[in-house]
1. Quick check on my filter: what residues within the range 120-144 are without any contact (Cβ under 8 Å) to a residue 40 or more places away in the chain, in a helix (DSSP H, G or I) and farther than 24 Å from ALA31 by Cα?
2. Tell me, please, whether a residue that is surrounded by fewer than 18 Cβ atoms within 10 Å (Cβ to Cβ), of a type in the set (D, E, K, R) and farther than 22 Å from GLU117 by Cβ can be found in the range 10-24.
3. How many of the residues making up the range 4-48 are farther than 15 Å from GLY89 by Cβ, modelled with pLDDT of 95 or more and in a loop (DSSP other than H, G, I, E, B)?
4. Take the residues of the range 104-144 that are within 21 Å of ASN71 (Cβ to Cβ) and of a type in the set (Asp, Glu): which is nearest to the chain's Cα centre (by Cα)?
5. In the list ARG42, ARG101, which residue meets the criterion of being among the basic types (Lys, Arg) and under 14 Å from the mean Cα position of the chain (by Cα)?
Amino acid sequence: MSASGFDLGLSDPARSGVFFVGSSDIATLDAASRDAGLLARRIDLAGCTGKPMLMLRMATALDFPAGSGRNWDALADRLRDLSWLPAAGYALLFEGAADVRDADETSFETLLDLLDEASSGWRARGIAFWAFLALPDEDFVDAD
């Protein structure tokens, strides 16, 4: 049980991965991640229109070391390493993910692939690595 009395199993590496969530879920996931002992970082993608802006926002939110490249290979390397942010586990909370998804589908798909690869790598090491990408709540409305 967490300090809040609400446990989502976020400390369990076997359950970690990349998930779409509603925008209204980010604050709860942030608190639950911290309660689970994870390093939680919010990454604001609102207004993000493509790769250059995405790279800058990732580098800023994750405090990438000086000299880090701004390309997909460098991002993949940084997501697999994170040695400058030592933690028992990680939760990346992407707010406004629909903006980059709608503006640059290719970059959005590449980001998802890199996050999935990073999560798999951390899971293999026994460390939880979660990525939650917030989409508008209406994207989750069931069509009955």
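The values are calculated or read from the model by the stated rules, or taken from the named source; none is laboratory data. Computed from a predicted structure; not experimentally measured. Counting neighbours? That spans all protein chains shown, and the Cβs are built from the backbone with ideal geometry, glycine included.
1. Passing the criteria: only ALA124.
2. no
3. 4
4. The selected residue is ASP116.
5. Testing whether each residue is among the basic types (Lys, Arg) and under 14 Å from the mean Cα position of the chain (by Cα) leaves just ARG42.
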